[in-house]
Every structure is written in C-alpha cells, then in structure tokens.
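Before any comments, here is the structure.
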Amino acid sequence: QVKLQLEVRVNKKYDTFRAVLYRSQIVAGIMYFIKVQVADTEYVHLKVLVGLPPENVCPALVNFQTGKTKDDPLDYF
C-alpha cells in the first residue's frame, strides 16, 4: 500500500517491490521499518506508520532511504 506513496515521492516507478525484512515499534500505532528490494541489487528502507483503532489510519509512508544494499542494516531512522 505504500508503493505508490514512495513512487510519487521519488518520482520513479518500481517494477520490483518485495519486502525482505521488517522491524516494528509500538508508538501511537505501529511504526514499521521495512527493507524492500526494488531491483536486483537495489533496496530501499521504508518507515511506515499504521494507526491504532479507532482511527485505523491507513499505512502512511513517514520516511524512506534509497540507495541501500542487501547487506545494509535495517536501523531506526
């Protein structure tokens, strides 16, 4: 659900968009840190917020990091 949000923000279309790793943190909802493969050797890290009921906020792309590799650690950012 955040693929389109990322594509709009970086002004680029991704044919590949596969989550390979994630971490979560409880905040005013759940904050997910997700490593996504977007090409053979290119990855992006996403910071996505999903709100708790009753708001039931749709997944929102809070921040992202491009130019990542498979071996880059998925840390808080």
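Miscellaneous remarks
- Label-to-label distance for Glu42 and Gln1 is 2.7 nm, based on points extended 7 Å past Cα in the beta-carbon direction.
- Using θ = phi - 60° and Karplus 6.51 cos²θ - 1.76 cosθ + 1.60, couplings along region 63-77 (whole Hz; Gly, Pro as x): 7, 7, 10, 9, x, 8, 10, 4, 8, 5, x, 8, 10, 4, 8
- Stretchable slack from Tyr76 to Tyr14, in nm (0.36 nm times residue separation minus alpha-carbon distance): 19.9 nm
- Springs between Cα atoms under 10 Å define the GNM used for the chain, and in it the highest mean-square fluctuation of Val36, Val20, Val62 occurs at Val20.
- Charge sum, other residues only, whose C-beta stays under 11 Å from Tyr32's C-beta, Lys/Arg counted +1 and Asp/Glu -1: +3
- Only protein atoms count toward the accessible area here, which uses a 1.4 Å probe; on region 1-68, the carbon and sulfur part of that area reaches 53 percent.
- Summing Cβ point charges (Lys, Arg +1; Asp, Glu -1) relative to the Cα centre of the chain gives a dipole of roughly 80 debye.
The values are calculated or read from the model by the stated rules, or taken from the named source; none is laboratory data. These figures come from a predicted structure and were not determined experimentally. Note that we place each Cβ from the backbone using ideal geometry, even for glycine, and neighbour counts take in every protein chain shown. These accessible areas exclude ligands, DNA and RNA; they are computed on the full protein's heavy atoms, side chains included. Shrake-Rupley method; radii C 1.70, N 1.55, O 1.52, S 1.80 Å.
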